[in-house]
Amino acid sequence: MATYSSRRRFITATAWTAPALEVVTATPALAMSTRGFSVLFNQALAGSDGFVQQSYLNLGMQPGTSAFTLPASMTVYFQVVGLNTRTVDERSFTASSSDGTVTKLAYDPTTRTTRFSWVIPAGTRIPSLSTSNPGDTAYPDVAFYWRDGLTSNGRITNKVVVTGISGPTSSLPLTGYGNRQAGPASAPIDSAVVGDLSTGNGIY
């Protein structure tokens, strides 16, 4: 099995037993803001779909806007979805971050979906996203380490879907950037739709 060296020190994901609400009321000051958050998917190393590889979900402010320091903790909700309809197996992978805590819910074989919450603590600085430098270590991110997706029913490939945010920042828009779609898109932000900026189709 290949070993990758990460640009960050990661926190191990912990078990999650109950889902969280995805919508809360925003504070008036933030509700008036015209800025928003942007998600950018970036594959650290080139790899074929369904094989061992590494990718990132980067979080930044919309390109061209100023950096933002979270006044309170913020939760980002995302899903990892298996794309092979011939199997109910979950592909082995890990998702972790050094910018807060990533928590995993049980795998649902009927939808081939694993749900996650990513809690980013108050005081975290979120810089403006640069699509010309997606590997900037200043961005809060989630790192995915994908294992081989080979099964007896074919190879499992996956996409990542960011479904929303909660906290005092929930009124700010959430958009996505990638090589298939150069501008913003309304949530949910689907890696297979916006694409992976560095290497292609947003499928891992």
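The values are calculated or read from the model by the stated rules, or taken from the named source; none is laboratory data. Just so it is clear, the model here is predicted, and its values are computed rather than measured. Cβ coordinates were reconstructed from backbone atoms using ideal geometry, including for glycine residues, and neighbour counts include every protein chain displayed.
Between VAL88, VAL81, VAL76, the distinction of being under 22 Å from GLY167 (Cβ atoms) and either assigned to a loop (DSSP other than H, G, I, E, B) or among the hydrophobic types (A, V, I, L, M, F, W, C) (or both) belongs to VAL76 only. Restricting attention to the range 95-112, the residues that are polar (S, T, N, Q) and either surrounded by 18 or more Cβ atoms within 10 Å (Cβ to Cβ) or assigned to a strand (DSSP E or B) (or both) add up to 4.
Listed here are the residues, each with its yes/no results for (1) of a type in the set (A, V, I, L, M, F, W, C); (2) free of Cβ contacts under 8 Å to residues at least 60 places away in the same chain; (3) over 18 Å from ASP141 (Cα atoms).
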{"residue": "ASP49", "(1), (2), (3)": "no, no, yes"}
{"residue": "VAL52", "(1), (2), (3)": "yes, no, yes"}
{"residue": "GLN62", "(1), (2), (3)": "no, no, no"}
{"residue": "THR69", "(1), (2), (3)": "no, yes, no"}
{"residue": "MET74", "(1), (2), (3)": "yes, no, no"}
{"residue": "VAL88", "(1), (2), (3)": "yes, yes, yes"}
{"residue": "SER92", "(1), (2), (3)": "no, yes, yes"}
{"residue": "VAL102", "(1), (2), (3)": "yes, no, no"}
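The lone criterion from (1) out of contact with any Pro (no Cβ under 9 Å at 6 or more places or on another chain); (2) over 21 Å from GLN53 (Cβ atoms); (3) of a type in the set (D, E, K, R) left unmet by ARG115 is number (1).
Under the condition of being β-branched (Val, Ile, Thr) and over 12 Å from the mean Cα position of the chain (by Cα), which residue from the range 176-204 is modelled with the highest pLDDT?
Out of the qualifying residues, it is ILE203.
One residue stands out among those in the range 123-161 that are modelled with pLDDT of 95 or more and acidic (Asp, Glu): the one that is surrounded by the most Cβ atoms within 10 Å (Cβ to Cβ), which is ASP141.
TRP118 - would you say it is in contact with a Lys or Arg (Cβ under 8 Å, 6 or more places away or on another chain) and closer than 18 Å to ASN42 by Cα?
Criteria not met by TRP118.
Sub-8 Å Cβ pairs linking a first residue in the range 192-204 that is among the polar types (S, T, N, Q) to a second residue that is surrounded by fewer than 24 Cβ atoms within 10 Å (Cβ to Cβ) and part of a strand (DSSP E or B), at least 6 apart or interchain, are SER198/ASN42; SER198/GLN43; THR199/GLN43, ordered by first then second residue.
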